[in-house]
Amino acid sequence: MSDEMNKPKNSNGAITNKANNTSGTDKPEGNKYEELHFVDTNQSVWNYSLFTDEDIRNFQNGTHYRLYDFFGNKQLAVLNTHGTYFAVWAPNATFVSVTGYFNEWNKSSHPLKVRLDNSGIWEGFIPGIQQGEAYKYHIHGYKGIKLDKGDPYAHYWEKRPYTASITWQTDYPWQDDEWMKKRSKHNSLNAPWSVYEVHLASWMRPDKNNEEVYNTYQQITERLVPYIKEMGFTHVELMPVMEHPFDGSWGYQGTGYFAPTSRFGSPQEYAAMVDAFHQAGIGVILDWVPSHFPYDAHGLFMFDGTHTYEYADMRKGYHPDWNSYIFNYKRGEVKSFLISSARFWCDRFHTDGLRVDAVSSMLRLDYSRNKGQWEPNEFGGNGNLEAIAFIKDLNETLYRDFPDIQTIAEEATDWPKISRPTFEGGLGFGMKWMMGWMHDTLDYFKMDPIYRQFHQDKFSFSMMYFYDENFMLPLSHDEVVHGKSPMLYKMPGDEWQKFANLRILYTYMFTHPGAKLLFMGNEFAATSEWNYKSELPWELLQFVSHGGMKYCVQKLNELYRSEPALYENQFSDDGFEWVDLNHRSESVMVYKRKGKKAKDDVLVILNVTPVVRRDWEVDVQGKEKWSEIFNSDSKEFWGTGDVFNPDIPSLLVDKKAKYYRLKVHLPALGAVVLK
């Protein structure tokens, strides 16, 4: 139950609040409604409001970013009577009522009152309704259409396939103070970012053969938190946890932009999971989808019988790829809704970062459209100017209010300055997914090693444009579904060679500049594509090959976190140097990762052919003595363990320039890291 009833009251029984409080409390922070003394307590719904005139102006102008403190349902007391205040935006409605189990789903007994300021907000206080009541809004909309809609601002929904909202708040006694005080260092762009991408339903199930059964948030916490801690990832990224009706959308077609999904439990149980991650020193990133939403009858589509949240012009308002609808970024109320949603997850649930989905589709009017299916903007270009303005405001707001988080763009084009500040003409994201690196790298490693000598440019091309953005290297869920094959089976050769190729690919990824992201199952070389209906093939870990791959990723995470040269300058041109790209025919490539101090530099040598190369000569500037700190061919990883470097001979070849010639043994299909 809410603890609203214990809050101090003023003389007429109304809750006393400050309209502009930004403390993140879950209590309604509205004004004393001036008409409160006109309340007719004989009515089923009492006149009451949490909105000030300033709130309404900001809402309409697209500059109100705390709407979750006002809209939705709030359990409170009016005239010493406990109940729930409801508020919903339905600007083209002629009638809105609250219907639920409390009134036997009567659609006329509890009508809300529309405000007289043309805001389109319907609101009212219903005595007696407490936390835990299922409800919907019954709406008489445009041209007399009658609709039953869930609450866009609800914090809790019925478990699918049921679609009602539930009166509920997000109060939670957080115990992550230590994390929150220090997370600016942990989430800095100069800190290691090794992200484990997870789909909560299918990571592990209580019954792997029953897709209708889930682990609870508590059970997920008990299993997932220690696993990620063991593996050494710095962050977890959760595929959308926002409420969504269809499992097959993986969460990317949502209806509850202010609610963790009820599939696994309550908002408080979700908060406890985030709390546990933080207490374990692990940051939490959420996938967030402001690009489109589905047409489910209880959701946002045609909310009051008209195109309320989506563009009315289907050249801008419809997504042909996903059979879904695009938010109207020009409309102030929609912009306020979306930025409030983003802020909500950072405020109420201590989120450390938002990975914003499908940014490319937001930016471009011609995205997935042929000639004649889109209309240029006012300057004749293909940019959605309203979406661009929205994205800039989103990032400016989040970094202003939560300077110790990161926003990450899933953007696959050459749109400039995605991760540059808005004052430099950028979009303001902290990072951008490096899709080009992912495609080129997978194309390269898919090749039979005999052909790699002819395609070295595909391997090295990433550093030609790396410094344009702050890049995150993703090997995500999208690469192991829809016939693309699991990571292991993208690799050529026999079984041993497939594993060796994958180990060297991961070594390349973890030693390449930029943040890292690895989808669940990739760390132990799953042998099947990801299937949201089942769980990961954990039984593979009984085999030494898969267990060795898991341990290899664990040690790569340890290497990444422990070597400052691999993260201190990961977005700076001071952090990387090609040492040797002149051996195409042998397919041996050498590069240096450089820290703020020369003593921290590491040397990475990749031998991407199945040929052992002993006494391989490498000329390196700086230090004379080098030692091997990582070898992807280690027996612990299911490598041969036969080719390693207990001692590395060094010969001075240019005293003035401090160049030394090293002789290094290179394992077949192997990577060695020297320091």
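What is the spin-label model distance, in nm, from Lys658 to Glu558 if the labels are put 7 Å beyond Cα along the C-beta direction?
A separation of 3.0 nm, rounded to one decimal place.
Would you mind working out the magnitude of the charge dipole of the stretch 574-674 relative to its Cα centre, with +1 at each Lys and Arg C-beta and -1 at each Asp and Glu C-beta, to the nearest 20 Debye?
For the stretch 574-674, the charge dipole is close to 420 debye.
Looking only at the stretch 245-264, which residues have a backbone nitrogen under 16 Å from a spot 7 Å from the Cα of Thr216 in the C-beta direction?
261-264
Which is the longest part of the chain that has none of the GluC sites (Glu not before Pro) sitting in a DSSP loop with at most 12 other Cβ atoms within 10 Å?
Numbers: sites that count: Glu34, Glu35, Glu104, Glu212, Glu378, Glu624.
Longest gap between qualifying sites, sites excluded: 379-623.
Taking the Cβ of each residue in Ile408, Ile629 as the centre, tally the other Cβ atoms inside 10 Å and list the residues starting with the fewest. Intermediate values should be presented prior to the final figure.
On the way: Ile408 28, Ile629 14.
The fewest-first ordering by Cβ neighbours comes to Ile629, Ile408.
What shape does the stretch 473-530 have by the C-alpha gyration tensor, where a ≥ b ≥ c are the square roots of the eigenvalues, rounded means a/c under 1.5, and otherwise prolate means a/b greater than b/c and oblate the rest?
Because a/c hits 1.5 or more and a/b fails to exceed b/c, the stretch 473-530 counts as oblate.
Give me the percent of DSSP beta bridges within the chain that run antiparallel, rounded to the nearest 5.
Rounded to the nearest five, the antiparallel share is 70 percent.
Based solely on its DSSP helices, what 222 nm [θ] is calculated for the chain when runs of n ≥ 4 H residues each add -39,500 (n - 2.57) and the sum is averaged over all residues, nearest 500 deg cm²/dmol?
Working: 15 runs with 155 residues, N = 675.
That calculation yields -7000 deg cm²/dmol at 222 nm.
Just want to confirm a number: the relative contact order over the chain, from Cα pairs under 8 angstrom separated by 6+ residues, in percent.
Once normalised by length, the contact order is 10 percent.
Can you pull out the trypsin sites (Lys or Arg not before Pro) in the stretch 455-508 whose DSSP state is coil and whose Cβ has at most 14 other Cβ atoms within 10 Å?
On the way: sites: Lys458, Lys484, Lys490, Lys498, Arg503; in loops: Lys484.
The qualifying sites are Lys484.
Which one, Ser634, His244, Ser528, is farthest towards the positive end of the dipole of the chain when Lys and Arg carry +1 and Asp and Glu -1 on their Cβ?
The residue sitting farthest along the positive end of the dipole is Ser634.
How far is the Cα center of the stretch 175-240 from the Cα center of the stretch 460-491, in Å?
That distance is 21 Å.
Among Tyr318, Tyr162, what is the fewest-to-most ranking by other Cβ atoms within 10 Å?
Placing the least packed residue first, the sequence is Tyr162, Tyr318.
Do any trypsin sites (Lys or Arg not before Pro) in the stretch 34-123 lie in a loop, going by DSSP, with at most 16 other beta-carbon atoms within 10 Å of their beta carbon, and if so which?
Passing both the DSSP loop test and the Cβ count: Arg115.
Send over the per residue convex hull volume for the stretch 574-674, Cα only, as a whole number of Å³.
For the stretch 574-674, the hull spanned by Cα atoms encloses 100 Å³ per residue.
What is the packing order of peptides 427-439, 253-265, taking the mean over residues of other C-beta atoms within 10 Å and listing the highest first?
Averaged packing, sorted descending, gives the order 253-265, 427-439.
What spacing in nm lies between the two simple spin-label points modelled at Lys635 and Thr94, each 7 Å away from Cα in the Cβ direction?
So the two model labels end up 8.3 nm from each other.
Which value results for Rg/Rh of the stretch 35-86 when Rg is the Cα radius of gyration and Rh the Kirkwood radius based on the inverse mean 1/r?
Ratio of gyration radius to Kirkwood radius for the stretch 35-86: 1.03.
Can you classify the chain as rounded, prolate or oblate using the Cα gyration tensor, where a ≥ b ≥ c are the square roots of its eigenvalues, rounded means a/c under 1.5, and otherwise it's prolate if a/b beats b/c and oblate if not?
Details: a/c = 2.25, a/b = 2.13, b/c = 1.06.
Prolate, because a/c is 1.5 or more and a/b exceeds b/c.
How much of the calculated P(r) for the stretch 288-396 lies past 21 Å, in percent of all Cα pairs? Kindly include the intermediate steps, with their values, before the conclusion.
On the way: 2107 of 5886 pairs.
When all Cα pairs of the stretch 288-396 are counted, 36 percent exceed 21 Å.
Neighbouring Cβ atoms within 10 Å as the yardstick, rank Arg561, Arg223 fewest first.
Ascending Cβ contact count within 10 Å gives the list Arg223, Arg561.
Taking the Cα centre as origin and putting +1 on Lys and Arg beta-carbons and -1 on Asp and Glu beta-carbons, what dipole magnitude results for the chain, to the nearest 20 debye?
Working: 72 positive and 89 negative charges, 187 e Å.
Approximately 900 debye in magnitude.
When N counts the residues of the stretch 147-303, how does its alpha-carbon radius of gyration compare numerically with 2.2 N^0.38 Å, as a ratio?
Values: Rg = 16.2 Å, N = 157, 2.2 N^0.38 = 15.0 Å.
Rg over 2.2 N^0.38 Å, computed on Cα atoms: 1.08.
Could you work out how much longer the chain between Lys533 and His583 gets when fully extended? Use 0.36 nm per residue separation minus the Cα distance between them, nm to one decimal.
Extending this stretch completely gives an extra 13.4 nm.
None of the figures in this text is laboratory data; all of them are computed from the coordinates on show. Everything numeric in this text was worked out from a predicted model, so none of it was measured. Backbone-built Cβ (ideal geometry, glycine too); neighbour counts: all protein chains shown.
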